[in-house]
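First the structure, in the form of structure tokens, and then the observations on it.
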Amino acid sequence: MLREETPAEQAFRAEARAWLDANLPRELRHANNRLTPPELKGWFRTLGEKGWAAPHWPREHGGIDASPVQQVILIEELARIGAPDLPAQGLTHISPILMRYGTEEQKRQHLAKARTGEVIWAQGYSEPGSGSDLRSLRTKAVVEDDKLVINGHKIWTTGAHYSDWLYLLVRTGADPKARDSITLVLVDAKTPGVTPRGIVTLAGDDELCEVFLDNVVVPITNIVGKIGEGWAVGTALLAEERIRSGTPIHALRALYRLKQAARYTGADRDPWMLDRIARAEVEVYALEAAFLEALEAQAAGEAEFEDSSRLKLYGAEATQFVFEVLQEISGAHAALRAPPVGDETTPDFSTMFLQSRRLSIRGGTNEIQRGIIAMRALGLSRPGSGGGGGNA
Amino acid sequence: MLKLKDTDRHIVDGIADLMESAGGLPRVRRLQAGVLSFDRDAWGKLAAHGWLGAAVPEAQGGTGLATREIALLLEHAGKKLMPEPLVPALAASVMLARSGKAGASLLADLIAGKTVVMPIEADETSQAYTGYLSDGHAADAFLALIDNKLVAVPRQTKGVAIETQDTVDGGSITRLRFDGVDPAALTVLASRAQAQEAFHAGRDLALIGYSALLVGLADEALAITVQYLKDRKQFGVPIGSFQALQHRAASLYVIIKASHALLYEACRAGAARRAIAALAAKSYAAETAMTTVKECVQLHGAMGYTAEHNMSLYFRRAMALAAAGGDAIACRKRLYAERQLSQDF
């Protein structure tokens with residue numbers, strides 16, 4: 001963050017730095033592999049109980065009502081100490097939906113447990129035939145008395161095999177074109193008929209998943225909002241989610257790795273390499289500034305619809321750019337298989353670069369975001385005979 | 001993006017009106033077509049509106065705008081392709097204001113528009129070239145940091161040779177050659193820490209100022225282009241309905257907004273990070289503006305390549321501004337000189 005911090009903000013940074021150092025286990029710092037929920041459980045609880053897993057949450061739900069600057073300070077300090085990424089679906093997506101649309105019972109049952117990682121959530125939106133064109137989803141749910149019977153196949157349900165609960169968009173109406181035929185429902189992953197399976201990624205982990213749903217019976221009280229309102233409820237907070245997926249934490253981690261690699265290879269003494277590194281650093285400054293500005297606009301009630309798409313896209317591109325520079329300056333080391341933990345003696349050249357390719361795909365591809373920006377921010381017309389899709 | 005405050009409206013509308021009353025884009029076209037152009041009437045208007053004193057506290061005769069407000073002024077001047085060398089003049093005004101009494105009379109003349117003053121990079125006065133200064137042909141006097149002293153170098157100083165080369169936007173790059181200048185004959189405005197502080201404060205403001213001109217320029221170039229995408233029809237539909245073009249326009253929008261955010265974040269930097277912030281903002285704005293004008297010419301097709309289309313004015317001005325005060329690579333080089341790699345975030 002380039003701006004001058006107030007004394008209170010400086011004090012918050014000092015508190016965060018000291019607390020993180022005292023509480024984050026050494027073995028979890030600067031991990032190369034994306035740690036699994038079982039490995040993260042203890043740390044997630046500690047951070048959640050402090051109110052810092054989702055610092056922007058209101059105090060009544062266990063957050064600290066953090067200001068935009070406080071949020072960025074926490075992001076910077078988490079990146080500095082090498083804190084691992086936490087599964088975000090419960091924190092940034094389903095919980096805000098429940099805060100707004102959930103019943104009191106649903107809030108009581110789920111919010112506190114999502115905040116401390118006691119319950120890990122996975123999102124079941126995409127299907128093999130419904131990716132960017134999400135509204136065409138076909139997983140079917142039939143109401144039988146006070147139950148919902150679900151049959152179908154979800155995919156890209158990140159972390160589903162480690163998750164305790166899923167939130168799914170399912171089709172409850174006959175007309176596949178109608179908006180009111182989709183419903184959002186919460187499903188306990190232990191329910192009979194729920195079968196998750198890992199999918200090995202380009203980066204070598206298996207965090208991508210698919211989930212088979214065979215005659216899965218859930219109580220009708222697990223529906224969020226009303227039946228048939230799932231599209232509105234499930235996408236209402238996409239804007240919120242996408243602004244937060246523009247978090248600079250990935251880019252800051254990338255910058256840390258880049259500098260570590262540069263010191264290891266000697267690129268930090270080569271003027272040509274230093275220009276590339278400085279270019280990457282400027283990109284991170286720009287991302288932080290754009291993210292902070294978007295949070296401030298949101299806090300002032302002045303957010304534009306397009307802010308979320310722009311931040312989501314830019315966060316992905318800036319992070320990928322920093323890792324691309326890391327590859328460029330790494331010479332013969334570029335393709336080295338990484339050690340499990342990157343430190344000064346054995347930096348990671350490849351793993352996080354490979355992982356970064358997911359950022360421009362997950363949660364709505366960058367192409368989907370460009371389509372939204374073209375229509376919503378620039379006022380260009382929906383692609384017709386001359387172009388392809390471009391649906392939000 | 002945060003909305004403008006009501007008090008900002010005065011600045012935004014004021015500079016837009018001034019540029020329009022001075023002659024709008026037809027004037028810009030005339031000046032770009034000329035060589036070593038300088039519109040004294042427009043300069044007088046800037047003085048009359050108090051903009052030449054924008055960076056000077058009211059107690060010293062200026063209008064005392066905050067850095068953020070100066071950026072806003074220049075962003076909107078950039079949209080209208082303001083050809084006047086307001087940025088180096090503002091930088092010089094900061095240096096003079098921070099020099100105290102010694103700089104007072106030159107500062108008063110600068111603010112009044114009587115004397116055009118600009119800073120130039122120099123190390124010594126014997127047999128030496130200074131660095132290049134954009135649009136230095138319009139300067140009546142230069143400010144330089146020599147031997148730890150901030151000195152004023154009037155244009156006619158004995159032993160000063162002025163080398164000026166004209167640029168594609170009707171402006172120039174200028175450098176001085178000192179040959180037998182008597183350092184004792186130069187007016188010393190400030191010494192040691194005060195001189196350093198004054199010069200660097202002005203230099204950092206120049207970087208912010210050029211960034212703001214570039215951000216405004218890029219923003220307006222994209223707005224013109226998006227309108228063209230809506231108006232121009234081919235294959236029976238507006239070409240803006242083609243996804244291939246939409247995505248390129250969207251990509252420009254994203255980086256222009258990022259450059260805008262970085263600029264205003266940099267305006268809020270404290271003394272310790274001011275130079276880093278300004279260098280980051282300028283290097284990013286220079287690259288963003290050049291990417292934007294190149295894409296905007298392409299998105300206009302053959303019309304975009306004509307001199308007749310106003311995009312040619314944006315393109316040429318972007319080239320000059322991207323280099324002014326230090327191009328992207330020069331800024332990054334200085335950024336690393338200011339801040340060693342070993343430091344973290």
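A few remarks follow.
- CD proxy at 222 nm, helix term only [per DSSP H run n ≥ 4: -39500 (n - 2.57); per residue of chain A; nearest 500]: -13000 deg cm²/dmol
- Relative contact order computed over chain A (Cα-Cα under 8 Å; 6+ residues apart), in percent: 15 percent
- Taking every residue in B:325-334 and counting other chain Cβ atoms within 10 Å of its Cβ, the average works out to 2.
- Rounded if a/c under 1.5, otherwise prolate or oblate - the range B:131-225, Cα gyration tensor axes: oblate
- Highest-first arrangement of A:173-181, B:49-57, B:159-167, where packing means the average Cβ count within 10 Å: B:49-57, B:159-167, A:173-181
- For B:LYS158, a cut-off of 23 angstrom between C-alpha atoms picks up these lysines, skipping any fewer than 8 places away in its own chain: B:LYS114, B:LYS149.
- Within 10 Å of the Cβ of each residue in B:234-241, the mean number of Cβ atoms contributed by other protein chains is 5.
- Kirkwood Rh, angstrom, the protein assembly as shown [1 / mean 1/r, Cα pairs]: 28.0 Å
- The string of couplings for the range B:79-94 from the Karplus curve (6.51, -1.76, 1.60, θ = phi - 60°) is 4, 9, 6, 3, x, 5, x, 5, 4, x, 5, 5, 4, 5, 5, 5 Hz, one whole number per residue in order, with x for Gly and Pro.
- Each of the peptides B:284-293, B:22-31, B:139-148 was scored by the mean count of other Cβ atoms within 10 Å over its residues; in descending order, highest first, they stand as B:284-293, B:139-148, B:22-31.
- Reach of B:LYS257 by Cα under 20 Å, taken over lysines that are not fewer than 8 positions away in the same chain: A:LYS312, B:LYS3, B:LYS5, B:LYS79, B:LYS80, B:LYS282, B:LYS294
- Amide H within-cut-off set for A:ILE120, under 5 Å, with H built and near neighbours excluded: A:ASP164, A:TRP165
- At 1.002 mPa s and 20 °C, Stokes D of the range B:56-191 from Kirkwood alpha-carbon radius, µm² per second: 138 µm²/s
- B:ASP327/B:ALA272 FRET efficiency (R0 30 Å; Cβ-Cβ; nearest 0.05): 0.75
- From phi via Karplus (6.51, -1.76, 1.60), per-residue ³J(HN,Hα) for the range A:73-87 in Hz, x at Gly/Pro: 4, 4, 4, 5, 6, 5, 5, 4, 7, x, 5, x, 5, 9, x
- Legend: mean number of C-beta atoms from other chains within 10 angstrom of residue C-beta atoms, peptide A:289-302, equals 4.
- Relative contact order (%) - the range B:33-146, alpha-carbon pairs under 8 angstrom, separation at least six: 24 percent
- Across the range B:117-264, the relative contact order, built from alpha-carbon pairs under 8 Å that are at least six residues apart, equals 19 percent.
- Euclidean distance of C-alpha centroids, the range B:146-184 and the range A:251-268, integer Å: 42 Å
- Most tightly packed first, judged by the mean number of other beta-carbon atoms within 10 Å of their residues, the peptides A:76-82, A:307-313 read A:307-313, A:76-82.
- Amide H contacts of B:VAL153: B:PHE142, B:LEU143, B:ALA144, each under 5 Å away and 5 or more positions distant or on a separate chain (H built 1.01 Å from N in the peptide plane; Pro and chain starts excluded).
- Proximal charge balance of A:LEU359 [Cβ under 11 Å; K/R count +1, D/E count -1]: +3
- Virtual spin-label span in nm between A:ARG29 and B:PHE235, 7 Å along Cα→Cβ: 5.6 nm
Values quoted throughout were computed directly from the atomic coordinates according to the rules given, and no laboratory measurement underlies them. In this text the structure is predicted, and so the values were computed from the model without any measurement. With ideal geometry, Cβ positions are generated from the backbone for all residues, glycine too; neighbour counts draw on all protein chains shown.
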